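The values are calculated or read from the model by the stated rules, or taken from the named source; none is laboratory data. Computed from a prediction, not measured in an experiment: that's the story for all the values here. Positions of Cβ are generated from backbone atoms using ideal geometry, with glycine treated the same way; all protein chains shown enter the neighbour counts. All accessible areas refer to the heavy atoms of the entire protein, side chains included, with ligands and DNA or RNA removed. Shrake-Rupley method; radii C 1.70, N 1.55, O 1.52, S 1.80 Å.
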Amino acid sequence: MKAAILYFSKLFLILTVAYGGFQFLTLYFFGGNQQLHYPLLSGLGLGLILAFVFTFSQIAAVKKLHPGKLTSEALSMHQVTHMQVPLTKAQILEKLQSNYPTKDWELTEESDLIKLKTSFTAKTFGEKITIKVNKLQNGLSEVFVESKPKTWFTLVDYGKNLKNIIYLRNLLSA
């Protein structure tokens with residue numbers, strides 16, 4: 001419950017300041033005789049409504065993917081996981097290129113990094129996924145996976161980055 005309240009508070013603050021601030025500046029520069037408390041009230045009202053809608057949407061999506069107690073990490077747009085797998089970087093690349101939906105993602109490769117980008121959907125602007133592979137001496141590879149939105153201003157991802165992490169963890173562990 002604490003995670004949901006923190007998430008709601010963050011959304012409420014951002015949305016209220018953004019909308020109320022925009023209304024205030026518009027009214028201040030172009031408004032004329034209207035009172036300046038209107039932007040504050042409309043910002044609070046819209047911020048409250050949108051924060052409730054976005055919070056409940058995010059919680060509902062994350063609860064489907066994350067059983068148990070809801071945490072701030074599960075609600076976050078930035079998801080990270082770490083695992084050890086008996087695969088080389090080449091084998092990981094082959095798995096990514098041959099499995100749906102990863103075969104539809106844009107894939108680029110660097111020395112020890114694999115970068116994936118998802119496309120724009122109705123729910124998100126897309127995600128950037130970074131997979132770092134370190135070969136260990138015991139024949140395993142240490143894999144760090146990070147999934148985050150393409151845009152810095154994303155407030156709600158409806159669990160999409162968590163879904164990417166779960167999918168990749170299952171794909172690489174199988």
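General observations
- Centroid-to-centroid separation of segment 13-61 and segment 102-174 [C-alpha atoms, Å]: 34 Å
- Checked against a 27 Å cut-off, the cross-linked pairs Lys2/Lys95; Lys69/Lys103; Lys63/Lys89; Lys69/Lys117; Lys10/Lys123 give Cα-Cα distances beyond that limit for Lys2/Lys95; Lys69/Lys103; Lys63/Lys89; Lys69/Lys117.
- Length released on extending from Asp112 to Gln91, taking residue separation times 0.36 nm less the Cα-Cα span: 6.2 nm
- Label-to-label distance for Phe153 and Leu65 is 2.3 nm, based on points extended 7 Å past Cα in the beta-carbon direction.
- For the listed peptides 96-108, 77-89, a ranking on the average number of other beta carbons within 10 Å per residue, highest first, reads 77-89, 96-108.
- Zero-based 5 Å bins, Cα pair distances in segment 109-174, whole percents: 4, 16, 25, 22, 16, 10, 5, 3, 1
- Average Cα contact separation per residue, the chain, under 8 Å, 6 or more apart, as relative contact order %: 23 percent
- Backbone amide hydrogens, once placed in the peptide plane, bring Val156 within less than 5 Å of nothing, excluding anything fewer than 5 places away on its chain.
- Surface exposure of segment 25-174, expressed per residue as accessible area with a 1.4 Å probe, stands at 60 Å².
- Nearby aspartates and glutamates by direct alpha-carbon distance to Lys150 (threshold 17 angstrom, same-chain neighbours under 8 apart not counted): Asp104, Glu106, Glu127
- Relative contact order (%) - segment 50-124, alpha-carbon pairs under 8 angstrom, separation at least six: 14 percent
- Computed over the chain, the per-residue total of -39500 (n - 2.57) for DSSP H runs of n ≥ 4 gives a 222 nm mean residue ellipticity of -16500 deg cm²/dmol, rounded to 500.
- Membrane-span-like helices in the chain, defined here as complete DSSP H runs extending at least 20 Å along the helix axis by their C-alpha atoms with mean Kyte-Doolittle hydropathy no lower than -1.0, are 2-30, 37-65; this is a sequence and geometry rule, not a statement about a membrane.
- Calculated on C-alpha atoms, the gyration radius of the chain divided by its Kirkwood radius gives an Rg/Rh of 1.12.
- The stretch between Asn138 and Phe120, if pulled fully straight at 0.36 nm per residue, gains 2.5 nm over its current Cα-Cα span.
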